[in-house]
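Comments concern the structure below.
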Amino acid sequence: MRVVSICPSNTEILAYLGKLDVLVGVDDFSDWPESIVSLPKVGPDLSIDMEKVEKLKPDLVLASLSVPGMEKNIVAMEEKGIPYIILNPNSLQEIADDIRTVGDELNLKQLGEKKAERFLNEVAHLKEKASERDTCPSLYWEWWPKPVFTPGRVNWLTEISELAGAENIFASEDVASYQTDWEDVKARNPDHICMVWVGIKEEKMRPELVIKRPGWSEMKAIQNGNIHVLEESLFCRPSPRLLDGLKKLLEVI
């Protein structure tokens, strides 16, 4: 098969299945594992060049709707008659379901089942370990600084928080992504601030500016020096690599 992935998390699901050999092209932001970096690029995920996709003659495109604006990629593939599936998980269970789905599409149903079970077994093991912890620190995940976007209850980062024995302060909001403001975050007074600005490398994030926000110096997280710049690719992509991110989270909290 010839497969094109137009979203980094989809590329990482193929890697988890051990099937990178079918990949013939990727979006500009797919950067893991390193072996795929030399593949033909078809543009950034919000504006994929469908001419380039078409020239790669894919049997299947792994598409996504995880970011508003990706819908136009679907419209363009429909117009050109390019075969595709959409992966759009919000939870760890849905990531496992997508592992199965991709396995099915590659005519590797048994492999998809096996890898999905392995992923869910690891999650179950981590849940058990989290339940043994005595403390439950509160976390504020910052996806974007202005306007402020943060994950709500129906997002994988709420689950990752729980697997770390912690709690997302915006788990009270029954959405995947929640827009709020600095005053709201300050009022919820988290124990830790986790900076994972979507699409921004760690070296370009500025914790010193976060600390200077009005009134934030009074927050527990800042008073205790618990502001963390984390690798957004390990926390903002719905793929099995979230469990690698969890290990890093456990180290800092």
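The values are calculated or read from the model by the stated rules, or taken from the named source; none is laboratory data. Predicted model, so just to flag it, every value in this text is computed and none were measured. Here the Cβ is made from the backbone with ideal geometry for all residues, glycine too, and neighbour counts use every protein chain on show.
Tabulated results
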read-out: Pairs with Cβ under 7 Å, 6+ apart, first in segment 182-195 and surrounded by 14 or more Cβ atoms within 10 Å (Cβ to Cβ), second at pLDDT 95 or above and of a type in the set (S, T, N, Q); value: Pro190/Ser138; Asp191/Ser138; Asp191/Asn226; His192/Asn226; Ile193/Asn226
read-out: Condition check for Leu65: at pLDDT below 95, in contact with an Asp or Glu (Cβ under 7 Å, 6 or more places away or on another chain) and within 25 Å of Tyr178 (Cβ to Cβ); value: yes
read-out: Only one of Thr150, Thr135 that is assigned to a strand (DSSP E or B) and either over 30 Å from Cys7 (Cα atoms) or outside the structural domain of Leu65 (by TED's automatic domain parsing) (or both); value: Thr150
read-out: Selection within segment 16-35 - touching a Ser or Thr at 6+ places or on another chain (Cβ under 8 Å) and over 20 Å from Met70 (Cβ atoms); value: Tyr16, Leu20
read-out: Residues that are touching a residue at least 60 places away in the same chain (Cβ under 8 Å) and either surrounded by fewer than 24 Cβ atoms within 10 Å (Cβ to Cβ) or closer than 19 Å to Asn121 by Cα (or both), drawn from segment 142-160; value: Glu142, Trp143, Pro145, Val154, Trp156, Leu157, Glu159, Ile160
read-out: Residue among Ala166, Ala116, Ala187 that is under 18 Å from Asn90 (Cα atoms) and modelled with pLDDT of 95 or more; value: Ala116
read-out: Inter-residue pairs, beta-carbon under 9 Å, first within 14 Å of Ile253 (Cβ to Cβ) and loosely packed, with under 11 Cβ neighbours inside 10 Å and in segment 123-135, second modelled with pLDDT of 90 or more and β-branched (Val, Ile, Thr), 6+ apart; value: none
read-out: Residues of segment 66-94 satisfying the condition of being part of a helix (DSSP H, G or I) and of a type in the set (A, V, I, L, M, F, W, C); value: Ile74, Val75, Ala76, Met77, Leu92
read-out: Selection count where residues are more than 30 Å from Ser30 (Cβ to Cβ) and either part of a loop (DSSP other than H, G, I, E, B) or at pLDDT below 95 (or both), scope segment 218-233; value: 4
read-out: Neighbours by Cβ (under 6 Å, 6+ apart or cross-chain): first from segment 16-45, assigned by TED's automatic domain parsing to the domain that holds Ile95 and closer than 25 Å to Leu120 by Cα; second polar (S, T, N, Q) and not in a strand (DSSP E or B); value: Ser30/Thr11
